[in-house]
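The next block holds one structure in the form of structure tokens; read it before the comments.
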Amino acid sequence: MNNINNGKRVGILLSGGVDSAVALYLLLKEGYNVTAYHMKTVSDQLYLTKQIKHKVCCSPSDTYDAQLIAKRFNVPFKIVHIEDVFRERIIDYFISENLAGKTPNPCFFCNDYIKFGAVMDVALSDGMDYVASGHYARIIDGKLYKAVDESKDQSYFLASIRKEKLSRILLPNGNYSKDEIRKIAQEQGIHVAQKIDSQDLCFLPDNDLKGFFEDNGIKVQPGNIITTEGKIIGKHDGLPFYTIGQRKFGVATGGKLYIKSKNVEGNFILAAPLDEVYEKDMVVSNINAYEELPEKFEATVKIRKKFNEIKCTVTVEGDKLYVQFEEPAFAVTPGQIAVFYDGPKVVCSGVIEK
């Protein structure tokens, strides 16, 4: 047992999954005084009225598992109800971005506004010295880095967190692989050792986006699908139900066409051949920087979760980044997140504007 941290209080964001459960164990092993915080983002009633098609976080079964984990390790357990702020900062943002023809990333902003925002505020006000989670990433000398296991790295989603918060955050899992975490869970008799990971949005447990808009009293209008030559080739069900780069969109085109862009004013989708869906540059706004940015710098950039980083040159002008890709990038999507890296270190992040 490492006694150097005796007396240091840590609030662990305990989801009920294997990652946060092992993070809790690792913190105890390091000698921290741990309290578990479990957040409720939406009403439990949602999960009783919707068919859960994929594993999502924050469900009633997750709350039950989190309670069992806290009991297993004999740590205090606190449920934090943040339904109102979650509705305002995450769900309303998700709706407005979709209606603006963009593709939002609510999980990215949930980390800043909710997990390491509203819940972190509760933990710190309770007297915690740090807040921890089971995310796969590392904080070194006040900077955010990728996890040792890059196949499980979650720095992309954590890059919304403001740099001044990093000194109060612990990420115990960043030095481990997922297999090692599951092995530790098995060895410690943690009952969720083989529990599958959450895959979808907690407020969309049935993955039914059309039903979600209907439930929120929003009527999404259908419109035309048009080629870059101006030919109408079919109808779409509503702009929010399609993403840039999507190939299958319910229209027989006689050739391989992809969604190139969405036009809100004309309520139409532009379809194009594959080579026209690649972009050479982009503009990024809503910047979150972890260091002072020079006027011009080189980096690698990730423009969505499942995307290989590509080299780029970045020019800083005011509060925006003008990015030139070394090689054309497929389906650069307004509303999605761009995270810039210098090797394993996160330099900055922002929202793709155009």
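The values are calculated or read from the model by the stated rules, or taken from the named source; none is laboratory data. Everything numeric in this text was worked out from a predicted model, so none of it was measured. Note that we place each Cβ from the backbone using ideal geometry, even for glycine, and neighbour counts take in every protein chain shown. SASA here: full protein model, heavy atoms, side chains in, ligands and nucleic acids out. Shrake-Rupley method; radii C 1.70, N 1.55, O 1.52, S 1.80 Å.
Compare the peptides 102-115, 60-73 by average per-residue count of other Cβ atoms within 10 angstrom and give them in order, highest first.
Details: 102-115: 21.0, 60-73: 18.2.
Going from most to least packed, we get 102-115, 60-73.
Positive-end ranking of 133, 303, 122 along the dipole of the chain, with charges on Cβ about the Cα centre, is headed by 133. Placing unit charges on the Cβ atoms of the charged side chains and taking the dipole of the chain about its Cα centre, the candidate lying farthest along the positive direction among 35, 270, 222 is 35.
Relative to the Cα centre, the charge distribution of the stretch 202-255, modelled as +1 at Lys and Arg Cβ and -1 at Asp and Glu Cβ, gives a dipole magnitude of about 280 debye.
In sequence order, the stretch 64-76 has phi-based couplings of 4, 5, 4, 4, 5, 5, 4, 5, 4, 9, 6, 10, x Hz under the Karplus curve 6.51 cos²θ - 1.76 cosθ + 1.60, θ = phi - 60°, and Gly or Pro positions carry x. Look at (1) 146; (2) 199; (3) 122: the one that is volume of the Cα convex hull per residue in Å³ derived from this structure is (1). Between the amide H of residue 332 and those of 279, distances stay under 5 Å, these residues lying 5 or more places away or on another chain, with hydrogens modeled in the peptide plane.
Among beta bridges from DSSP that stay inside the chain, the antiparallel ones total about 70%. Anisotropy class assigned to the stretch 305-352 is rounded, per the alpha carbon gyration tensor with a/c under the 1.5 cut-off.
Across 310, 140, 337, mean-square fluctuation computed from a Gaussian network of the chain (C-alpha pairs under 10 Å connected) peaks at 140.
Between 264, 119, 301, the GNM of the chain built on Cα springs shorter than 10 angstrom shows 264 fluctuating the most. Rolling a 1.4 angstrom probe over the chain with all protein chains present gives an accessible area of which 48% lies on carbon and sulfur atoms. Comparing mean-square fluctuations of 90, 79, 196 from a GNM of the chain with C-alpha springs under 10 Å, the top value falls on 196. Which one of 335, 352, 181 is farthest out on the positive end of the charge dipole of the chain, using unit charges on Cβ (Lys, Arg +1; Asp, Glu -1) and the Cα centre as origin? So the residue furthest toward the plus end is 181.
To the nearest 20 Debye, how big is the dipole of the chain about its Cα centre, given +1 on the beta carbon of each Lys and Arg and -1 on that of each Asp and Glu?
Working: 45 positive and 46 negative charges, 146 e Å.
It works out to roughly 700 debye.
Using R0 = 25 Å, the C-beta based FRET efficiency linking residue 191 and residue 79 works out to 0.85.
Shown in residue order for the stretch 258-273 are the 3J(HN,Hα) couplings computed by the Karplus curve 6.51 cos²θ - 1.76 cosθ + 1.60 at θ = phi - 60°: 10, 6, 8, 7, 10, 10, 6, 4, x, 6, 10, 10, 9, 10, 8, x Hz (x for Gly and Pro).
Suppose every Lys and Arg Cβ carries +1 and every Asp and Glu Cβ carries -1, with no other charges. What dipole size does the stretch 233-354 come out with about its Cα centre, to the nearest 20 debye? Provide the component values of the computation, followed by the final result.
Working: 16 positive and 17 negative charges, 157 e Å.
Value, rounded to 20: 760 debye.
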